[in-house]
1. Tell me, what HN-Hα J-couplings in whole Hz come from the Karplus equation 6.51 cos²θ - 1.76 cosθ + 1.60 at θ = phi - 60° for each residue of segment 175-190, using x for Gly and Pro?
2. Subtract the Cα-Cα distance of residue 234 and residue 214 from 0.36 nm times their separation in residues, and report this length gain in nm to one decimal.
3. Over the chain, with every protein chain in place, what whole percent of the accessible area is carbon and sulfur at 1.4 Å, could you tell me?
4. Using alpha carbons only, how many angstrom separate the centre of segment 65-114 from the centre of segment 238-272?
5. Starting from the residue with the highest accessible area, list 172, 52 in decreasing order, probe 1.4 Å.
6. How large is the dipole of the chain about the Cα centre if only Lys and Arg carry +1 and Asp and Glu carry -1, each at its Cβ, rounded to the nearest 20 debye?
7. What is the calculated FRET efficiency for residue 203 to residue 225, with r their C-beta to C-beta distance and R₀ = 25 Å, to the nearest 0.05?
8. Could you derive backbone 3J(HN,Hα) for segment 312-319 from the dihedral phi with the Karplus parameters 6.51, -1.76 and 1.60 (θ = phi - 60°), listing whole Hz in sequence and x where the residue is Gly or Pro?
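The values are calculated or read from the model by the stated rules, or taken from the named source; none is laboratory data. Predicted model, so just to flag it, every value in this text is computed and none were measured. Quick reminder, even Gly has a Cβ in these numbers, built from the backbone with ideal geometry, and neighbours come from all protein chains shown. For the accessible areas, the whole protein counts, side chains as well, though only heavy atoms, and no ligand, DNA or RNA atoms are used. Shrake-Rupley method; radii C 1.70, N 1.55, O 1.52, S 1.80 Å.
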Amino acid sequence: MRRLLLTGSALVLALYLIPAALLLGGRAETVDAATASVPVQNTAAPTGDYSTVTVSIDGTPTELPLETYVAGVVAAEISNDFPIDAIRAQAVAARTYAVYKMASGRPDAHPDADVCDDFHHCAAYRDIAVETAAGNDLARVQQAVQDTEGEILTYDGAPIAAVFHCVSGPRTEAALDVWGEDVPYLQSVVSPGGTAYDGYEAAVTVSADEFRQKVADAFPAADVSGAPSEWFKASTRSDAGGVITVKLGGVTVEGTDVRELFGLQSTNFTITTTDDSITFHTIGYGHGVGLSQYGAKYMAEQGADYAEILAHYYPNTVLTHV
Ligand SMILES: [Zn+2]
């Protein structure tokens, strides 16, 4: 077996918000408290009425109070067992993202709704009433949403694209390295505590036949007729470790495309091969940009409050009210 270390960087995914309500507690490294600073409180509010949001639920437009929607997103995205300040941070991120979507206008994908319940496109959502009736304890989720009612993050006075993900490697990814756009509040920051997530390190093994078939369909110009050890060549990586681009059978492909093609948990991957298979070894889960849910958990366990967590993961932003 030969290990190919892909040096370099590259990833690009859609603005996937990976639902991560499958979380377990864990261990801790050192938190870099020096990088956290509290966002400036600001009374200036974004213009517009954001008290209600139209959500496409199973394809049906449904108008909900904003806070009801936010609670449903938080319930779908983070464990009720997390520290309250981690859940508060998630609540502000979810609310901000919803307001950002509303402020951005309705997309072609659902022109009759501001957001949808597909996490591949907008954010996962669960009906709080249904969940609690089924006996699921969402008391902390509801408390966190109530505690942060109306609070959002802005940059230059506008609601930010407060993307989030389950867990990063040692650092989060910069939006520039994942989506090709330099966003001042979506920079790479340290993110300790990720190993608390059970699936922090994962592996996907693909047979040579399956690999060749998938590559032939997705990248027909790539030549993968040789041995698996010859398939991947020089790559570029972000500072956070994610593959930005890699040579696959002589063709330059994006790390995000490799992730999607083979169902990898992240673009932060290395490769080992045998004569008839290839294995991707990943670190983290999700696109790696913005708030890390496990990073938020770790910071909260170290005593950070939600404003400090948000200031760390969304630098240069202002915590304000809609
Ligand atoms: Zn959507």
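1. Here the 3J(HN,Hα) series is 4, 4, 6, 9, 10, x, 10, 7, 10, x, 9, 10, 9, 6, 10, 5 Hz.
2. Values: separation 20, 0.36 × 20 = 7.20 nm, distance 2.04 nm.
Full extension of this stretch gives 5.2 nm more.
3. Values: 6480 of 13190 Å².
Solvent-exposed carbon and sulfur of the chain make up 49 percent of the total.
4. That distance is 29 Å.
5. 52, 172
6. On the way: 17 positive and 41 negative charges, 154 e Å.
Charge dipole, the chain, about its Cα centre: 740 debye, nearest 20.
7. After rounding to 0.05, the efficiency reads 0.50.
8. 6, 7, 10, x, 6, 9, 10, 8
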